[in-house]
Amino acid sequence: MAKARILVIEDDEDVAKLEQTVLERADYEVKVCSTGAEGLELADTWSPDVVVLDVGLPDISGLDVCTSIATSRNAFILMVSGHSREQDVLLGLGLGADDYITKPFSGNELVARVASFLRRREKYTAKAVGEGVLQIGTAKLVRDFHTLNHGDTNVTLTALEFRLLWYLGEAEGRLLTRAQILEHVWNDVSGVPTRVVDVHIAALRKKLSEVGAPVEIASVRGIGYRLDQKP
């Protein structure tokens, strides 16, 4: 099987070297460039599976590079920045980034984020195990019965819990903002308090635990939630 291709667009030489080293150690094929122009060219000619993209580039804004890649290339985008302000994160996600990581970060965290993208890509077809059934790790969501099944154990979900978990499951590994969740699950971004999302997330975590599902709902403070497989 061919190695997954990871394109690193990073102008800080030390950070780029760290990223390249840990990703190659994880058995990925890695190419590194330091400008947005070169990154866009490699995204076209090399067709990476994942792009690790720094926001602050010397020639083109990383946000502009993100927009271009998201709209014309089939690759996951992990935005990297020294800023952790909520508006920066939301802007990057709104432009098409799949997730966001802030400096400083560990090599293990970077590899985990990339691996999560690749697992999600591999499961796009595997998840369709039957009409109205969504695979989440080794657990299954069954639309007709609004149940979450894992092995011989199952639990019934409310209609909202089911829609919320289905949405998280389809986007496994991707950070979803509360606004995105409200729009998709509640069809409302203004009339429903964001606290309602938190309450339903808490209920889902309890039910995932009840059936022993090998996934967890990670929270990113002030931003939203992401469904991850447990290590």
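Quick test for you: out of Asp49, Asp59, Asp54, pick the one residue that is surrounded by fewer than 18 Cβ atoms within 10 Å (Cβ to Cβ) and among the charged types (D, E, K, R).
Testing whether each residue is surrounded by fewer than 18 Cβ atoms within 10 Å (Cβ to Cβ) and among the charged types (D, E, K, R) leaves just Asp59.
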Review point. Could you list, in sequence order, the residues of segment 157-184 that are β-branched (Val, Ile, Thr) and within 27 Å of Ala115 (Cβ to Cβ)?
Key: Thr177, Ile181
Review point. With Val155, Val192, Val196 as the choices, which residue is surrounded by 14 or more Cβ atoms within 10 Å (Cβ to Cβ), in contact with a helix residue (DSSP H, G or I) (Cβ under 6 Å, 6 or more places away or on another chain) and at pLDDT below 85?
Key: Val192
Revision key, fill the gap. Taking segment 37-66 and keeping only residues that are of a type in the set (A, V, I, L, M, F, W, C) and within 13 Å of Gly92 (Cα to Cα), one is left with Val52, Leu53, Val55, Leu63, Val65, Cys66
Revision key, fill the gap. Restricting segment 72-118 to residues that are surrounded by 19 or more Cβ atoms within 10 Å (Cβ to Cβ) and acidic (Asp, Glu), the one modelled with the highest pLDDT turns out to be Asp99
Check your understanding: Which strands (runs of 3 or more DSSP E) does segment 1-86 wholly contain that include 3 or more residues that are under 20 Å from Pro104 (Cα atoms)?
Key -> 5-9, 50-54, 76-81
Check your understanding: Does Val55 count as aliphatic (A, V, I, L, M), within 22 Å of the chain's Cα centre (by Cα) and at pLDDT below 95?
Key -> yes
Review point. Given the structure, is Phe145 touching a strand residue (DSSP E or B) at 6+ places or on another chain (Cβ under 9 Å), of a type in the set (Phe, Trp, Tyr) and not in a helix (DSSP H, G or I)?
Key: yes
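Within segment 209-228, can you find the residues that are under 21 Å from Thr177 (Cβ atoms) and not charged (D, E, K, R)?
Val215, Ile217, Ala218, Ser219, Val220, Gly222, Ile223, Gly224, Tyr225, Leu227 - these are the residues of segment 209-228 that are under 21 Å from Thr177 (Cβ atoms) and not charged (D, E, K, R).
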Study note, to complete from the structure: Subset of segment 155-189, residues among the basic types (Lys, Arg) and in a loop (DSSP other than H, G, I, E, B), comes to Arg174
Review point. Among (1) modelled with pLDDT under 75; (2) surrounded by 14 or more Cβ atoms within 10 Å (Cβ to Cβ); (3) farther than 22 Å from Gln20 by Cβ, which single condition is Arg121 missing?
Key: (3)
**Study point:** Subset of segment 1-25 that is over 19 Å from the mean Cα position of the chain (by Cα) and of a type in the set (Gly, Ala, Ser) - its residue that is farthest from Val65 (Cα to Cα)
**Key:** Ala2
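Each row is one residue, and each column tells you yes or no for (1) more than 18 Å from the chain's Cα centre (by Cα); (2) crowded, with 19+ Cβ neighbours inside 10 Å; (3) in contact (Cβ under 8 Å) with a residue 60 or more places away in the chain.
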| residue | (1), (2), (3) |
| --- | --- |
| Gly169 | no, yes, no |
| Ile181 | no, yes, no |
| Ala203 | yes, no, no |
| Glu210 | yes, no, no |
| Ile223 | no, no, yes |
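The values are calculated or read from the model by the stated rules, or taken from the named source; none is laboratory data. Values in this document were obtained by computation on a predicted structure and should not be read as measured data. Note that each Cβ is placed from the backbone with ideal geometry, even for glycine, and that neighbours are counted across all protein chains shown.
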